[in-house]
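The values are calculated or read from the model by the stated rules, or taken from the named source; none is laboratory data. The structure displayed is predicted, hence computed values, not measured ones. Every residue, glycine as well, gets a Cβ built from its backbone with ideal geometry; the counts of neighbours run over all protein chains shown. To get the accessible areas, we keep the full protein, side chains included, count just its heavy atoms, and leave off ligands, DNA and RNA. Shrake-Rupley method; radii C 1.70, N 1.55, O 1.52, S 1.80 Å.
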Amino acid sequence: MDTVMTIRYTGEEKLLSECGKIISDLEKKLSVTDKGSLIYALNEKKEPIRDEEVVALVKKSLELSTLTSGMFDPTVYPLVKLWGFTTGEYKVPTEEEIEALLPYIGKDKVSATTDVVTASEGAQIDLGGIAKGYLSDVLRERLIINGVKSALLNLGGNVTAIGDKDGSGWKIGIKNPLGEGYFGIVNVSDEAVVTSGLYERHFVSDGKKYGHIIDPTTGSPVENDLLSVTVVGKSGTECDAFSTALFVMGREKATVFLKEHRIDAVLYTNDGVLYTEGLQGRFSLQPNFSSLPCEVIRW
Ligand code: AMP
Ligand code: MG
């Protein structure tokens, strides 16, 4: 999944290799670049997917796409490719190139029934915005059924905690989107903490920064008043899709969405930090970021 993952737990050592196998098995199903993957076969050869796990995950992705009014959209892959985020051969495409792909974007271009996923002509799927969150839920479950009571999983910025650390919550740092270090800390137990931001995969062209999260309505990398979005909640899968979607929405729409669905999140905007009421007493700015304006989003 093109990232560093760390799994820390107290329990039997053999569980670690089981986790490793879960990770590589899922990667083999979902990778957009691995020629042997199920998603690759669907995208490049129109081969329907019948794998139960992938069918369920695509279904969930389409539901979350509906819930977020299409801001989370697993069909953005043709655009992700066009901008070069798949290969690292980045380029700023022309308006015509972008417009030519927009007709293939949208959740209605993919069908997921109980047992099969198909895509219409030209449509391609990328589960990169939800896969790590989903994986964190699967690993979490595996550890718990094997008796693990305390663990911390960090799947490239998707953090999941099991239980507590020495009787108090886990303190999770949220990365400064503008440089080194962590601007804030959130205290969690048995929850996921998932961040989407511009500082992750991006490139600079003519002094302008282009990030890997695409606004499905424009076909271009998101450009708004948010620098990062961190979502805190029980389901890693949902937190992952929401962090991507909220990042696309921008501050105003994201605030409305968070209130409407009572989702806990921390927004790093270009004029300060906002966090939801549910995180009061659990979120704090780091001392060297204490001058950042900080406001609570009330339900
Ligand atoms: P995340 O880091 O979870 O926000 O996911 C970003 C990744 O999801 C990108 O690298 C793309 O592979 C994919 N992606 C980009 N834009 C979107 C979008 N609007 N909806 C869903 N997935 C996206
Ligand atoms: Mg995501």
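Just to be sure before I move on: is Gly179 more than 16 Å from ligand 2 (Cβ to nearest atom), small (Gly, Ala, Ser) and either open to solvent by less than 10 Å² (accessible area, probe 1.4 Å) or over 26 Å from Leu292 (Cβ atoms) (or both) in the structure I sent?
When the stated conditions are applied, Gly179 does not pass them.
Here is a check on your reading of the model: is Ser31 closer than 20 Å to Asp108 by Cα, within 12 Å of ligand 1 (Cβ to nearest atom) and either in contact (Cβ under 8 Å) with a residue 12 or more places away in the chain or within 16 Å of the chain's Cα centre (by Cα) (or both)?
So Ser31 fails the test.
How many of the residues in the stretch 249-277 are open to solvent by 10 Å² or more (accessible area, probe 1.4 Å), of a type in the set (A, V, I, L, M) and within 14 Å of ligand 1 (Cβ to nearest atom)?
Going through the stretch 249-277 one residue at a time, the tally reaches 1.
So, in the stretch 34-70, exactly how many residues are open to solvent by less than 40 Å² (accessible area, probe 1.4 Å) and either within 19 Å of the chain's Cα centre (by Cα) or of a type in the set (Val, Ile, Thr) (or both)?
The number of residues fulfilling the criteria is 12.
Anything in the stretch 1-15 that is open to solvent by 80 Å² or more (accessible area, probe 1.4 Å) and within 23 Å of Gly157 (Cα to Cα)? List them, or say none.
Within the stretch 1-15, Asp2, Val4, Arg8, Thr10 qualify.
Among the listed residues Glu295, Glu223, identify the single one that is assigned to a strand (DSSP E or B), more than 20 Å from Gly157 (Cα to Cα) and either touching a residue at least 24 places away in the same chain (Cβ under 8 Å) or open to solvent by 10 Å² or more (accessible area, probe 1.4 Å) (or both).
Exactly one residue qualifies, and that residue is Glu295.
Would you pick out the residues in the stretch 271-293 that are closer than 17 Å to Leu246 by Cα and hydroxyl-bearing (Ser, Thr, Tyr)?
Scanning the stretch 271-293 gives Tyr275, Thr276.
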